[in-house]
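Remarks on the structure that follows.
Nothing in this text is a laboratory measurement; each read-out follows from the coordinates by a stated rule. Nothing here was measured: the structure is a model prediction, and the numbers come from that model. Cβ atoms come from the backbone with ideal geometry, glycine included; neighbour counts cover every protein chain shown.
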Amino acid sequence: MLMTLPVLLSRSRGQVLSGAIVFTGLLLLSPAVAQGCGPATDSAQAAEEAALYPLHQEDLWGYVGREGQWQIAPQWRQARPFSQGRAAVETEDGWGIIDRSGSYVAAPGARDADSVRIDGADYHLPPFKPYSEGCSAATPQDGVPHYLDLEGERWDPPGLEGYQVSDLGPFSEGLAWVRVIPESDSGDSRVGWIDEQGDMVIPPEFAHGGDFSKGWAPAALSDENWGYIDREGNLVFPRKFILSKASSYSDGLAAVTQGQDKGYKDQEDWALRELTEPDGTTRAFDDIESFHEGRAAVKPERAPQRIVWIDSEGQVAVDPERNGRLSICDPERMPRYRQGLLPLVVARGGNVCGQPLELSWDDSRDPRGLSATPPGVKRFPKAKLVYLDRTGKVVIDSTDCRPEPGAAPLSATTEDGDLAPSAYDMTLEGHATGSVAPQRADSPCNLSRYTASGLNAEGPWQLRLEGTATWKDHPVHASLSFNLPTGLEEGEHVIQGGFADDALRANLWLSPIGAAPSAERPDSYHSVEGGTLELTRFDREAMSGRFAMTLAASDTPENTIELSGRFREIPYSYAPEVVVSEATGSFAEMAEAMERPAAQILSPGKAEIAEGELRVQLGRWGPQLLLRFPEDQADGPFQAGPEQPVKASFADNSILAKGALERRDGKLFGSFEVDITEQSQIEGTGMIRGRFDHLPIVASE
């Protein structure tokens, strides 16, 4: 999905190695602009330290650093990995090339002949191969294959003049394979190699060819007859073209197939013909891919749906499904490591990837492999994109919360080291231990919150603080939640035990981080009598204070945790609210008879758009007040009644009402005054006056 899948295709247009596209070329007539390609000077370590990785946010792609934070904002329809500080990206106008700042070095516009269709949408594959030794091979749909240098300048190798060019390969050790159709040939394309000046140094006499490494490159006389040649085009290994498949050397090893045997050869003989599992057992290979950065994707014999990554000794180094508890959604794709990380599309939770969206293509063959394009990640509705390091640890997860690009980090401490506004800290001792360093409750990725769960003016409220701790030597996510009852004020309060809704109490949940599904899990903890909560500030803007308490495990109360902490000006977050400021007549009598405040009868509030209406429903159980506005109702005063565009009903009977309406940040605010006539659920008449605030507007399916 992010990496091109190496695959050998045979077409009437010619053949191609390493996932490149075949194009019917024309005579090269354009003059050379760039000055050719040559060996790169960037070190692999430096490139990895400054690496950028493609990641999507909804339908757009951008780039994150190794820490998972946005470095280039999501803005493209497709995006490819960086190589030599350049990456191919697609807009609605076509593909272009950007540098590490996100600026174009080649403007969007080129498209590839091959495309895939996912859920009815067409996605052209990139016409630009990854940069290598200062150049990218470009094979546009409507144009002659050529190279682009790092500045986006075009270069047409002079040695290809007079040839009909089908495809160009990347430069490796100063040479690049090219696929051409010689004038004297019957139309079958052949592969030769050019040097960095663009001269043909190995004549196009081969059916297939690949990249050079340590002076050798794979070459084939036919689909089933492969071997390795030197820089003069002479066969050097083995003694004949007897390999069924052969790939370029990488990390000193090449993935080959010889007869029924699959494995890896060095430049003398077989080096690996089986993998070694962590328990010491060995297994032959069912399928293999080339090594990259010390890892190679393989499928063990008799397990075609299992993919593991081995090291150069054949040891299983990364097993995402068994050790990482990751369910790979597309086992046909065997991606490679790039700049230290491995991209995988896996299930969001459990082992369910979801039914993949329909995928098709115009030609009789799948171009470059089923999931070779970024939209492939969207083929699986319940999938996510992750990047693994060389040990198999997930270091980037597309579902993780990350601040918007360019967002400045929020400091959790002041210059003198005290808690900054909106920050808190915690310390756990006992059955779980840990010190939660000061962090901001209002940072984009912190789930901590201070919110009203009922009446914003008087409570009840909830305070939740998040952090990490250690439980039985295993890292856990800790979530501390306070239940703050109605009427709480500034000052010191005793924390209570039990589970009563009107009690000042706390609960702690611990969730293991990276534990196996069958691993032991912590119990939930609740406060016991005797702790203290001191509120030094408590209003509708923010709250500050400190706490110290003992929490006991629900099933094993002898297991306790001593927990303390501070919080400063945690910002108030408004919850949906219904307030009744005045009630007369029969409605007031009903509220008194039910021993409930009038506002509770009309709580909770709900706002939804359905069937062309904006509906505001106040109350869930007893008699409900329902206001029905046209979906395009303007903000401001309104009149409701049987003859008005706005309809109002109470207990399913039409009523007269008036008020005001306002939309703000996806939420609904308003006031109402309702005249109630005699109805089946209420004897007599009456009036209700009030307001509703912070009702999220949802669309009903």
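The table that follows gives values for the structure above.
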{"item": "For residue 249, net neighbour charge (Lys/Arg +1, Asp/Glu -1) across residues whose Cβ lies under 11 Å away", "result": "-2"}
{"item": "Gain upon complete extension [residue 267, residue 284; 0.36 nm per residue less C-alpha separation]", "result": "4.0 nm"}
{"item": "Magnitude of the charge dipole, the chain, Cβ model with Lys/Arg +1 and Asp/Glu -1, debye to 20", "result": "980 debye"}
{"item": "Packing rank of 226-234, 205-213, where each peptide gets the mean count of other beta carbons within 10 Å, highest leading", "result": "205-213, 226-234"}
{"item": "Length-normalised contact order of region 423-573 in % [C-alpha pairs under 8 Å, at least 6 apart]", "result": "24 percent"}
{"item": "Top positive-direction residue, dipole computed over the chain with Cβ charges, set 70, 106, 468", "result": "106"}
{"item": "Dipole of the chain, positive end: most advanced residue of 235, 479, 607 [Cβ charges, Cα centre]", "result": "235"}
{"item": "Length-normalised contact order for the chain - Cα pairs under 8 Å, 6+ apart - percent", "result": "7 percent"}
{"item": "Descending Cα extents along the principal axes, region 379-515, whole Å", "result": "53, 40, 37"}
{"item": "Cβ crowding within 10 Å averaged over residues, with 111-123, 327-339 ranked highest first", "result": "327-339, 111-123"}
{"item": "Relative packing of 534-541, 89-96, which averages over residues the other C-beta atoms within 10 Å, highest first", "result": "89-96, 534-541"}
{"item": "Within region 423-573: Cβ-based charge dipole about Cα centre, in debye rounded to nearest 20 (Lys, Arg +1; Asp, Glu -1)", "result": "420 debye"}
{"item": "R0 of 45 Å, Cβ-Cβ distance residue 698-residue 224: FRET efficiency to nearest 0.05", "result": "0.15"}
{"item": "Modelled FRET efficiency - R0 51 Å, residue 519 with residue 664, Cβ distances, 0.05 increments", "result": "0.65"}
{"item": "Value at 222 nm in deg cm²/dmol, rounded to 500, when DSSP H runs of n ≥ 4 in the chain each add -39,500 (n - 2.57)", "result": "-500 deg cm²/dmol"}
{"item": "Förster radius 35 Å - calculated FRET efficiency between residue 69 and residue 303 (Cβ-Cβ, nearest 0.05)", "result": "0.45"}
{"item": "Read-out Rg and Dmax of the Cα atoms in Å, derived from the coordinates shown; its label in [x] 33.2, 105; [y] 37.3, 124; [z] 31.4, 99", "result": "[x]"}
{"item": "Overall form of region 178-255 per C-alpha gyration tensor (a/c, 1.5; a/b vs b/c)", "result": "oblate"}
{"item": "Long pairs among 214/393; 240/265; 382/667; 129/299; 378/606; 129/240, criterion Cα-Cα beyond 22 Å", "result": "214/393; 382/667; 129/299; 378/606; 129/240"}
{"item": "Region 577-699, relative contact order in percent, only Cα pairs under 8 angstrom and at least six apart counted", "result": "28 percent"}
{"item": "Residue-count net charge about residue 492 - beta-carbon cut-off 13 Å; Lys, Arg +1, Asp, Glu -1", "result": "-2"}
